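A.B. asks: Before anything else, here's the structure in question.
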Amino acid sequence: MPDAGDDELQLYAAHFGRLKPYLENLRDIEKRAVVGQLYLFRNNQLLPMESASEVLHGDKNSPEVIDLLFRENGYIVHMVICCPLHAQPSYERLMDSSRLLLPHVQQAFKIYHTIEQLKNYSVGFEQAMHKLNSGILLFDGNAALVYQNRKARAILATTHVLSVISGKMVGPSSGATQDLARLIRSAVEQGKQGNQRASGMTLRMGDGRDPGMAVIAIALHPHIHSAFTEETGVYAAVMISTGGAGSGLEPDLLQLLYGLTPAEANLAIGLSDGSSMERYALQAGISLHTARGYLKLIFQKTYTSRQAELVALLRSIPVVIHNPD
């Protein structure tokens, strides 16, 4: 009852209180009735609308409130029509009011169910994000932080090289902070243009207190409903990691992210998993000179310059953590 005054609210509360004992009965009726059946609650009775004509025409007392009920997707909807004093509610007027109200109520329920569905999706989204071994931060069209997964919060709570302050990523120096802002802004703009590209950088304190952190920004291109502004979408995902033992990466992922060839991707994964250049070349059946040539190309494509930086970058890429339970 939008914009209802105190008197109308009191009338509604009184009628709804008398209606409560009949709700279970209504559920039983609706199990056998046609979906969308409309009921009139009158004189402590629950009547299908086809019976309402006789009841209303035969009742000389003018009710102040008329109760209509129907079931919509498992919910009982109670519509209240307040009548002016001494105005006799005819069956035709009641049906006209119902026809006007029902489409709006049904549309409201569609919106409600969509919201509930999105909530269910978000639960699965959260669970998936928490299974990743890297911190994930999502940014909207204004490059503002809108989400952090559990790993991101844990990393940010312990590292000295990166903080999030007022929704912005702050590095160990003003220069690093500016580079981070440019990295995220670039990913957001790429996402708006539909270019799903990845770029990265490495953060270090320079005093040996911190092992460093790889930061990868991936452009995303969401579908934004026309009713919302472009900035409401998530246009960039930033992955952060301080590294760990074993990458668990697949070559196809590196080929997709950085445009590596299969041979380059396999070498990169081997180095990320702790292999030396010499040992990898021997196992792969290639010369050390060829392996070094691959590594040079990998540096160019991943915007890294040293093997340690490459390993940190690769270990920041999320893989699913398999829980034996």
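The values are calculated or read from the model by the stated rules, or taken from the named source; none is laboratory data. As the structure is a prediction and not an experimental result, all values here were calculated from the model. FYI the Cβ positions are ideal-geometry reconstructions off the backbone, even for glycines, and counts take in every protein chain you see.
A.B. asks: Do we have Val80 as under 29 Å from the mean Cα position of the chain (by Cα) and either farther than 23 Å from Gly17 by Cβ or at pLDDT 70 or above (or both) here?
C.D. replies: Considered against the rule, which asks whether it is under 29 Å from the mean Cα position of the chain (by Cα) and either farther than 23 Å from Gly17 by Cβ or at pLDDT 70 or above (or both), Val80 comes out as no.
So that you can scan it fast, the table gives a plain yes or no per residue for (1) β-branched (Val, Ile, Thr); (2) touching a residue at least 24 places away in the same chain (Cβ under 8 Å); (3) out of contact with any Gly (no Cβ under 7 Å at 6 or more places or on another chain):
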site	(1), (2), (3)
Ser97	no, no, yes
Ile115	yes, no, yes
Tyr121	no, no, yes
Lys131	no, yes, yes
Ser134	no, yes, yes
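A.B. asks: Now, a different point. Take the residues in the range 110-137 that are surrounded by 14 or more Cβ atoms within 10 Å (Cβ to Cβ) and touching a helix residue (DSSP H, G or I) at 6+ places or on another chain (Cβ under 9 Å), then tell me which one is modelled with the lowest pLDDT.
C.D. replies: Asn133
A.B. asks: Are any residues in the range 270-293 under 25 Å from Ala217 (Cβ atoms) and without any contact (Cβ under 8 Å) to a residue 40 or more places away in the chain, and if so, which ones?
C.D. replies: Asp273
A.B. asks: Now for a different question. What single numbered condition from (1) modelled with pLDDT of 70 or more; (2) more than 20 Å from Leu100 (Cα to Cα); (3) in a loop (DSSP other than H, G, I, E, B); (4) not aromatic (Phe, Trp, Tyr) fails to hold for Leu46?
C.D. replies: (3)
A.B. asks: Would you point out which residue out of Gly270, Gly285 is at pLDDT 90 or above and surrounded by 13 or more Cβ atoms within 10 Å (Cβ to Cβ)?
C.D. replies: Exactly one of Gly270, Gly285 is at pLDDT 90 or above and surrounded by 13 or more Cβ atoms within 10 Å (Cβ to Cβ), namely Gly270.
A.B. asks: For the range 151-173, give me each residue that is among the charged types (D, E, K, R) and exposed (fewer than 14 other Cβ atoms within 10 Å of the Cβ). I'd like the intermediate steps shown before the answer.
C.D. replies: Of the range 151-173, the ones among the charged types (D, E, K, R) are 151, 153, 168.
Across the range 151-173, the qualifying residue is only Arg153.
A.B. asks: Same structure, new question: For Arg182, work out the one condition from (1) in a loop (DSSP other than H, G, I, E, B); (2) at pLDDT 85 or above it doesn't fulfil.
C.D. replies: Checking Arg182 against (1) in a loop (DSSP other than H, G, I, E, B); (2) at pLDDT 85 or above, the one that fails is (1).
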